[in-house]
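Taking it in order: structure first as structure tokens, then the write-up.
What follows draws every value from the coordinates through simple rules; no lab data is involved. None of these values were measured; they are calculated from a predicted model. Here Cβ is always computed from backbone atoms with ideal geometry, including for glycine, and neighbour counts include all displayed protein chains.
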Amino acid sequence: MDLTVPGPYELYINDIAARKDYGTGMHNTFIEINPYVLKSGTYKFTLKLLPMPSELEKGGIQPSTIDFLKVAISSYEKTGTKKQGESYEKIKIYPISKIKEPVPFYEVKGEFSVNLPYELEGWSKGQNLSKIDKAELEKKVVAFYEKLRNSLNTGNYKLFNESGSQRTSETYVFNYTPSEEIAKFEEENNADLKNCKDRMAPIEDYSLKIYGDGKLVMLERNLRTELYGIEKNIVGLNALIRKGKVKGYKEFPTLLYLPEGSNEFVIIRK
């Protein structure tokens, strides 16, 4: 997704929250599609533009704001070199309808087709979590998050890695990671996870979110303007967070699914 977004926004790809950015101002960004599709086919996306604080007093998103909104699909050849930037190509540009008066939000919906050289299992064999009692589901998800959080907080990252082993292997595929880079990546990742000891924040201030047509679930942080010395709107971030050594934090995005015939969640995407 090739976006120019004049304000806070949410992007959903294949019914999965790919990005939630509530910062004000202009956003020029590329958001990869690969993590959110499993095989070749046609998929849907929704971009939801939200009003900036200054627009709320004026009744919502202003007609002039929409003039700056641009939504497109682009592709590039992953080379890991300077030539990678030269390979960017816009495949499709989506029309933006004008508005005549302020609106509380504005959506751009569209379809795109991809032809991939691989097929992943991902969450395709997951249980439909929307059919489970929401209170019971939340209880189970929170328990799993607590288990991950407590394990990382003791300096033991084995559980986190084991729970996300399928995510890791599939990430190498859809990122086209060269085999010679995998060992280095895993070494750096483990070194970073060691820093979680005694620094994991409590699992709190969250809402349960279900995505992927009922097959994916996560705990997302609610609105808070200050977190560990950093003033920031963190609504939409994952509930699994590591405190900084001095200030700040690091989010560990953890999107779960429940395989068919299993009672144990698996980390399947960030």
Exercise for the section: Please work out the FRET efficiency for the pair Thr46 and Ala191, using the Cβ-Cβ distance as r and a Förster radius of 51 Å; give the result to the nearest 0.05. Expected result: 0.85
Practice task
Using θ = phi - 60° and the Karplus relation 6.51 cos²θ - 1.76 cosθ + 1.60, list the HN-Hα couplings for the range 61-72 in order, rounded to whole Hz, with x at every Gly or Pro.
Solution key: 4, 7, x, 5, 5, 4, 4, 8, 7, 9, 10, 8
Fill in the blank from the handout: Taking max minus min of the Cα coordinates of the range 1-153 on each principal axis, largest first, gives extents in Å of 48, 44, 32
Completion exercise
Here, Tyr176 and Ser75, labelled 7 Å along Cα→Cβ, have an inter-label distance in nm of 1.0
Handout entry: Over 33 Å [Cα-Cα, the chain], rounded percent
Key = 26
Completion exercise
Around Glu77 (Cβ within 10 Å, Cβ-to-Cβ, excluding Glu77; K/R +1, D/E -1) the net charge comes to 0
Problem - Pairs from Lys39/Lys90; Lys147/Lys250; Lys215/Lys243; Lys134/Lys243; Lys139/Lys270; Lys78/Lys245 whose Cα-Cα separation, in the structure shown, is over 26 Å - result: Lys215/Lys243; Lys134/Lys243; Lys78/Lys245
Practice task
In nm, give the distance between the simple-model label positions of Lys184 and Glu146, each being 7 Å from the Cα along the Cα-to-Cβ direction.
Solution key: 4.1
Problem - Cα coordinate range in the range 95-176, projected on the principal axes (Å, largest first) - result: 56, 39, 28
Problem - Proximal aspartates and glutamates to Lys209, defined as alpha-carbon separation beneath 12 angstrom and excluding residues fewer than eight positions away on the same chain - result: Asp15, Glu138, Glu220
Handout entry: Dipole of the range 83-131, positive direction: furthest Cα of Val103, Tyr88, Asn115, with charges on the beta-carbon
Key = Val103
Completion exercise
Computed, not fitted: 222 nm per-residue ellipticity of the chain from DSSP H runs ≥ 4 (each -39500 (n - 2.57)), nearest 500, equal to -6500 deg cm²/dmol
